[in-house]
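The values are calculated or read from the model by the stated rules, or taken from the named source; none is laboratory data. Just so it is clear, the structure is predicted and the values come from calculations on it, not from any experiment. Note: ideal-geometry Cβ built from the backbone for every residue, glycine included; neighbour counts use all protein chains shown.
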Amino acid sequence: MLLDDLLMRSMLKRVGDLPEFVFLPTLRLVADDRDAVESRWSAVAAQRRGGPLFESPRRAWERRYGQFVRELEFVSTELLKVLPEPAVEELISDAVSQRLKRWLRLMMPMFGAVKVVPESLYPRVMDTGVQFATFLVGPIRRVGEEPDGTLVYDIPECAMHTTAGTGAAQPHSCLMGCKAACEKVFPASSAMPLEFDPHLPGLSCTLRVRKSA
């Protein structure tokens, strides 16, 4: 859990300001009732809080991630009230994916190395690599392999939903800030193409890791 917390801290240094300093200003420009937006945003931002002196890594991870997801879900939901869904998805997924690419820039060559992994070792190597994502999605396990070599993983309760603390799915954060953004970071043309299949309104998701062309 300590590693998950450290990774989350590192990632949020790159993407954590997007809801307030990129998406919220856009929302202010297009909202029909700016005062109402400001009031609701203040209520969401008021949930920010520092942790206790001896906070456990798990609690610190939940607190930071949960607040980011709540803020992302708020701005995406509000933007969808006044803008077409494709425009909102492009805005959010482009911004998140660009920041993630910069965050992962030193690791991208490592992902490319999967092209030279022997067939017999490929599933186990990918299992190890996919475990890197536990700080984003929580527990994940391989449940199958498709005829073309695609590895199928099950995420029983994605952390993007559970850390928000609402007891419900965070659909727009999930579809735009995770699925669409991550698929732009790891597209079909990449060394490790990823496909996310969220089971909304449930909390689970299926991840497919396809072999590069």
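Among the conditions (1) modelled with pLDDT under 95; (2) small (Gly, Ala, Ser); (3) exposed (fewer than 12 other Cβ atoms within 10 Å of the Cβ), residue 56 misses just one, which is (3). For segment 152-175, the count of residues that are in contact with an Asp or Glu (Cβ under 6 Å, 6 or more places away or on another chain), under 18 Å from residue 8 (Cα atoms), surrounded by 17 or more Cβ atoms within 10 Å (Cβ to Cβ) and polar (S, T, N, Q) is at least one.
Exactly one residue among 207, 136, 194, 151 is within 24 Å of residue 71 (Cβ to Cβ) and not aromatic (Phe, Trp, Tyr), and that residue is 136.
Residue 152 meets each of the listed conditions (1) closer than 30 Å to residue 211 by Cβ; (2) in contact (Cβ under 8 Å) with a residue 60 or more places away in the chain; (3) touching a Gly at 6+ places or on another chain (Cβ under 6 Å) apart from (2). Being surrounded by 13 or more Cβ atoms within 10 Å (Cβ to Cβ), closer than 14 Å to residue 136 by Cα, in contact (Cβ under 8 Å) with a residue 40 or more places away in the chain and among the β-branched types (Val, Ile, Thr): is that true of residue 15 here? Against the criterion (surrounded by 13 or more Cβ atoms within 10 Å (Cβ to Cβ), closer than 14 Å to residue 136 by Cα, in contact (Cβ under 8 Å) with a residue 40 or more places away in the chain and among the β-branched types (Val, Ile, Thr)), residue 15 qualifies.
Just one of 135, 186 is in contact with a strand residue (DSSP E or B) (Cβ under 9 Å, 6 or more places away or on another chain) and among the aromatic types (Phe, Trp, Tyr); which is it? Within the list 135, 186, the selection yields 186.
Would you call residue 133 small (Gly, Ala, Ser) and either exposed (fewer than 11 other Cβ atoms within 10 Å of the Cβ) or modelled with pLDDT of 95 or more (or both)? Judged against the criteria, residue 133 is not a match. Within segment 195-207, is there a residue that is under 13 Å from the mean Cα position of the chain (by Cα) and either over 28 Å from residue 98 (Cβ atoms) or small (Gly, Ala, Ser) (or both)? Checked segment 195-207: no residue is under 13 Å from the mean Cα position of the chain (by Cα) and either over 28 Å from residue 98 (Cβ atoms) or small (Gly, Ala, Ser) (or both).
The criterion of being in contact with an Asp or Glu (Cβ under 8 Å, 6 or more places away or on another chain), touching a residue at least 24 places away in the same chain (Cβ under 8 Å) and either assigned to a loop (DSSP other than H, G, I, E, B) or surrounded by 16 or more Cβ atoms within 10 Å (Cβ to Cβ) (or both) holds for residue 82. Can you find even one residue in segment 183-195 that is polar (S, T, N, Q), assigned to a loop (DSSP other than H, G, I, E, B) and free of Cβ contacts under 8 Å to residues at least 60 places away in the same chain? The answer is yes, given that some residue of segment 183-195 is polar (S, T, N, Q), assigned to a loop (DSSP other than H, G, I, E, B) and free of Cβ contacts under 8 Å to residues at least 60 places away in the same chain.
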